[in-house]
Amino acid sequence: MAWLLLILGGCFEVGFTTCLRFVDGFRNLPWTIGFLASVSLSMGLLEVAARTIPMGTAYAIWGGIGALGTVIVGMIWFGEPVNALRIGLIFALVACVAGLRLVGNG
């Protein structure tokens, strides 16, 4: 269950980084509310997951999911560059996250 919560928390991290793009100095109220809700859920889920999963492992995986998701959102919706090197690095990130899951306790 902790791993599921951690993955969900990583997905909410993608939500808050995406919202952050639109908050306009926290003057855009709907996006600011989305940002605050996403960051609260993301951090809360990380905290709950870290009660079972070692903190270093949980944080690395949470951050990896957020980074991976944010890069993918950027490439798909915001026209950020897509090239072989970026794709290769994404695969390396996924391999690192999967490796941490395989060796992590919990």
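The values are calculated or read from the model by the stated rules, or taken from the named source; none is laboratory data. Quick caveat, the model's predicted, so the values are computed rather than measured. For neighbour counting, all protein chains shown are included, and Cβ atoms are generated from backbone atoms with ideal geometry for every residue, glycine included. Only protein heavy atoms, including side chains, enter the accessible area calculation; ligands, DNA and RNA are left aside. Shrake-Rupley method; radii C 1.70, N 1.55, O 1.52, S 1.80 Å.
Pick from PHE26, PHE22: which is in a loop (DSSP other than H, G, I, E, B) and at positive phi?
On the way: PHE22 fails: at positive phi.
Going through PHE26, PHE22 in turn, just one is in a loop (DSSP other than H, G, I, E, B) and at positive phi: PHE26.
If you go through segment 47-76 and keep only what is farther than 20 Å from ALA98 by Cβ, open to solvent by 50 Å² or more (accessible area, probe 1.4 Å) and free of Cβ contacts under 8 Å to residues at least 12 places away in the same chain, you end up with GLU47, ILE76. From the residues in segment 2-35 that are free of Cβ contacts under 8 Å to residues at least 12 places away in the same chain and among the aliphatic types (A, V, I, L, M), which one is surrounded by the most Cβ atoms within 10 Å (Cβ to Cβ)? Checked segment 2-35; the qualifying residue surrounded by the most Cβ atoms within 10 Å (Cβ to Cβ) is ILE33.
Report whether or not LEU41 is at pLDDT 95 or above, part of a helix (DSSP H, G or I), crowded, with 19+ Cβ neighbours inside 10 Å and not polar (S, T, N, Q). Taking the combined requirement at face value, the residue does not satisfy it. The residues of segment 60-102 that are among the β-branched types (Val, Ile, Thr) and farther than 22 Å from GLU47 by Cβ, listed by number, are VAL71, ILE72, VAL73, ILE76, VAL82, ILE87, ILE90, VAL94.
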